[in-house]
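Student: Sharing a structure here in structure tokens format.
What follows draws every value from the coordinates through simple rules; no lab data is involved. Remember, predicted model here, so these are calculated numbers, not experimental data. Cβ placement follows ideal geometry from the backbone for every residue including glycine, while neighbour counts extend to all protein chains displayed.
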Amino acid sequence: MSFQEIILIMIVATIVHEIGHLIGAKVVGIKIKEASLGFGPILLEFTLQSIKFKICWILLGGYVMPAGSDKEFFTYSKKRRVVLTASGVIMSIVILPISCLMIIKLIEGDSFHVVMKFIDLIRVFLNHPLQYFYSGLTIFPTTTYSNELSNYLSCLAEISLFLGIVNALPIPVLDGGQIVMTMLENKMPKIKDKYTIINGIGYSIILAIILLPMIEVFITNIKTTFPIILFIGFIIYRVVKINHRFEKGSKDI
């Protein structure tokens, strides 16, 4: 399966994940004002049933934004907010993979066992959890069939499970981290006032996870990558310096 096909399947899995959040919001009565596929500049935007849907240029992940301010969102009970957050994870880890496997069973026949295949998907993660995260989408698909549709569905099930497990990690800004922070609100009341700081830490952790493999490659091949490191360092220096001048000028004004 080509890299382009895997990326397309990842986008489909992301859309279904966000649909899970929308369903969860509907079930517990939380109003949603915006749902986005991707980040960055807007490629397409439309409104449906008072929800603004966006498709952005950087098709990595997505989000669902509740209506109202943060203070209004916190007026919802913890149970309702947990359901909203957890619904996307449940969709990615359980509902979508099992749905794909059930369709594959219809294609492949009685020899295909949905429960055993689902356990096999989970076993890929349990056998080598660190490698599972480190390899990312490059390890998929782990199971192939003679039928092309079965292959696509199997890959969708695997990637959906992968995205669900990643989202369930207890890192702020991810679904798992949001659930943990919600559950800790009674013991740590001030956590509501520090959501911005905590989310910033979460973004830093995710950025470090993404950059570490790249840094490892640069260090391993330092003889050939040294000029690139210098160039990146120079760009960062210039950006920081320009921002510093801009902030200083703004303060002077």
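Student: Can you confirm whether Ile30 is crowded, with 19+ Cβ neighbours inside 10 Å and assigned to a loop (DSSP other than H, G, I, E, B)?
Tutor: When the stated conditions are applied, Ile30 passes them.
Student: Being part of a helix (DSSP H, G or I), surrounded by fewer than 16 Cβ atoms within 10 Å (Cβ to Cβ) and within 22 Å of the chain's Cα centre (by Cα) is the filter here, so list the residues in segment 139-161 that pass it.
Tutor: The one that is part of a helix (DSSP H, G or I), surrounded by fewer than 16 Cβ atoms within 10 Å (Cβ to Cβ) and within 22 Å of the chain's Cα centre (by Cα): Ile139.
Student: Among (1) in contact (Cβ under 8 Å) with a residue 40 or more places away in the chain; (2) of a type outside the set (D, E, K, R); (3) surrounded by fewer than 18 Cβ atoms within 10 Å (Cβ to Cβ); (4) within 18 Å of Leu96 (Cα to Cα), where does Thr14 come up short?
Tutor: Of the numbered conditions (1) in contact (Cβ under 8 Å) with a residue 40 or more places away in the chain; (2) of a type outside the set (D, E, K, R); (3) surrounded by fewer than 18 Cβ atoms within 10 Å (Cβ to Cβ); (4) within 18 Å of Leu96 (Cα to Cα), the odd one out for Thr14 is (3).
Student: Right, next: Please go through segment 162-196 and pick out each residue that is part of a loop (DSSP other than H, G, I, E, B) and touching a Gly at 6+ places or on another chain (Cβ under 8 Å).
Tutor: Listed by number, the residues that qualify are Ala168, Leu169, Pro170, Ile171, Pro172, Val173, Leu174.
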